[in-house]
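J.: Handing you this structure, nothing more for now.
Only the coordinates and a few stated rules stand behind these numbers; no lab work does. Here the structure is a predicted model, which is why all the values come from computation and not from measurement. Ideal geometry is used to build each Cβ from the backbone, glycine not excepted, and the neighbour counts take in all protein chains shown.
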Amino acid sequence: MPFKGQLRWRKIADRDLPEIDRIAKIIHPDLPEHIKTFAEKINLSPSTCLVVCDGTHIRGYAIAYPWRMNDMPPLDTLFGSIPADASILYIHDVTLLPSVRGQGLVAELLKILSEAGRELALTRFTLAAVYGSEEAWSRYGFRRAPMDERLMAQAAGYGAAVYMTRDFEPA
Ligand SMILES: CC(C)(COP(=O)(O)OP(=O)(O)OC[C@H]1O[C@@H](n2cnc3c(N)ncnc32)[C@H](O)[C@@H]1OP(=O)(O)O)[C@@H](O)C(=O)NCCC(=O)NCCS
């Protein structure tokens with residue numbers, strides 16, 4: 001675990017975008033998203049979009065933003081604005097480089113995002129688990145939520161995805 005103790009989540013700055021793009025292209029070659037769509041999300045919800053940094057290099061990122069319950073936003077899309085009826089914090093993407101996995105960074109992230117979500121008057125997390133990551137998310141307390149036909153159609157846009165939800169960490 002070469003980075004333990006030095007890694008820290010922090011808010012994203014404009015200068016981080018090229019590195020986020022580079023990591024996304026390595027880890028998500030089958031779900032490409034234009035960096036402009038990430039930049040918009042970061043701009044729309046700066047308190048819930050973070051990078052994990054070892055002091056020098058970015059080792060991963062998390063993109064989350066307010067959204068509607070029972071709705072999966074389309075990938076690689078500009079939104080224009082956050083929906084007026086947003087009530088949950090949607091975790092769009094959490095990506096760690098392999099060298100920093102298994103070190104508790106997701107648990108730390110969920111604490112930070114819980115506080116940010118509460119400050120935005122949101123009620124809970126939702127996400128679309130891809131690449132068979134449902135099991136990984138269930139370790140963090142996420143549970144499958146019922147998927148109606150509309151959600152199933154939206155999930156198809158992610159390749160295949162399982163819609164999951166959980167409460168924020170207690171304050
Ligand atoms: C998902 C991710 C953020 C979890 O971070 P992490 O630090 O590895 O989290 P944990 O240490 O708690 O590991 C969770 C467990 O789930 C496993 N896991 C992670 N992603 C998985 C996947 N896609 N499919 C199956 N298992 C997975 C890990 O191997 C680990 O199992 P282990 O403890 O038996 O080795 C990280 O693995 C990652 O960036 N993966 C690639 C991008 C991705 O899949 N993002 C999520 C999309 S919804």
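J.: What Kirkwood hydrodynamic radius, in Å, does segment 8-167 give when the mean of 1/r is taken over all pairs of distinct Cα atoms and then inverted? Display every interim value, and only then the final one.
T.: On the way: mean 1/r = 0.0633 Å⁻¹.
Computed over segment 8-167, the radius equals 15.8 Å.
J.: Where the centroid of each part is defined by its Cα atoms, how far is segment 50-73 from segment 108-133 in Å?
T.: Segment 50-73 and segment 108-133 have Cα centres spaced 9 Å from each other.
J.: Of 82, 13, 92, whose Cα points farthest to the positive end of the dipole of segment 8-167 (charges on the beta-carbon: +1 Lys, Arg; -1 Asp, Glu; origin at the Cα centre)?
T.: Among 82, 13, 92, the one farthest towards the positive end of the dipole of segment 8-167 is 13.
J.: Same structure, new question: Taking amide H atoms as placed 1.01 Å from N in the peptide plane, list the residues 5 or more away in sequence, or in a different chain, whose amide H sits under 5 Å from that of residue 124.
T.: 89
J.: Tell me the label-point distance for the pair residue 150, residue 101, using the 7 Å Cα-to-Cβ offset, in nm and rounded to one decimal.
T.: 3.4 nm
J.: Size of the dipole of segment 8-167 about the Cα centre, Lys and Arg at +1 and Asp and Glu at -1 on the beta carbon, nothing else charged, in debye to 20?
T.: Here segment 8-167 has a charge dipole of around 400 debye.
J.: Same structure again: May I ask you to list the trypsin sites (Lys or Arg not before Pro) in segment 1-79 that are in a DSSP loop and have at most 12 other Cβ atoms within 10 Å of their Cβ? Provide the component values of the computation, followed by the final result.
T.: Working: sites: 4, 8, 10, 11, 15, 22, 25, 36, 41, 59, 68; in loops: 4, 68.
Sparse-neighbourhood loop trypsin sites (Lys or Arg not before Pro): 4.
J.: Pull out the extension gain between residue 111 and residue 30, defined as 0.36 nm times the separation in residues minus the alpha carbon to alpha carbon distance; nm, one decimal. Numbers along the way, then the final one.
T.: Details: separation 81, 0.36 × 81 = 29.16 nm, distance 2.92 nm.
Contour length minus the Cα-Cα distance gives 26.2 nm.
J.: What value, in deg cm²/dmol to 500, does the helix sum -39500 (n - 2.57) over DSSP H runs of n ≥ 4 give at 222 nm once divided by the residues of the chain?
T.: Working: 5 runs with 49 residues, N = 171.
Calculated at 222 nm, the ellipticity per residue is -8500 deg cm²/dmol.
J.: Which one, 107, 127, 72, projects farthest toward the positive side of the charge dipole computed for the chain from Cβ point charges (K/R +1, D/E -1)?
T.: Checked the options; the winner is 107.
J.: Across segment 50-61, in residue order, what do the Karplus-derived ³J(HN,Hα) couplings come to in whole Hz, using 6.51 cos²θ - 1.76 cosθ + 1.60 with θ = phi - 60° and x for Gly and Pro?
T.: 9, 10, 10, 10, 9, x, 10, 10, 7, 10, x, 8
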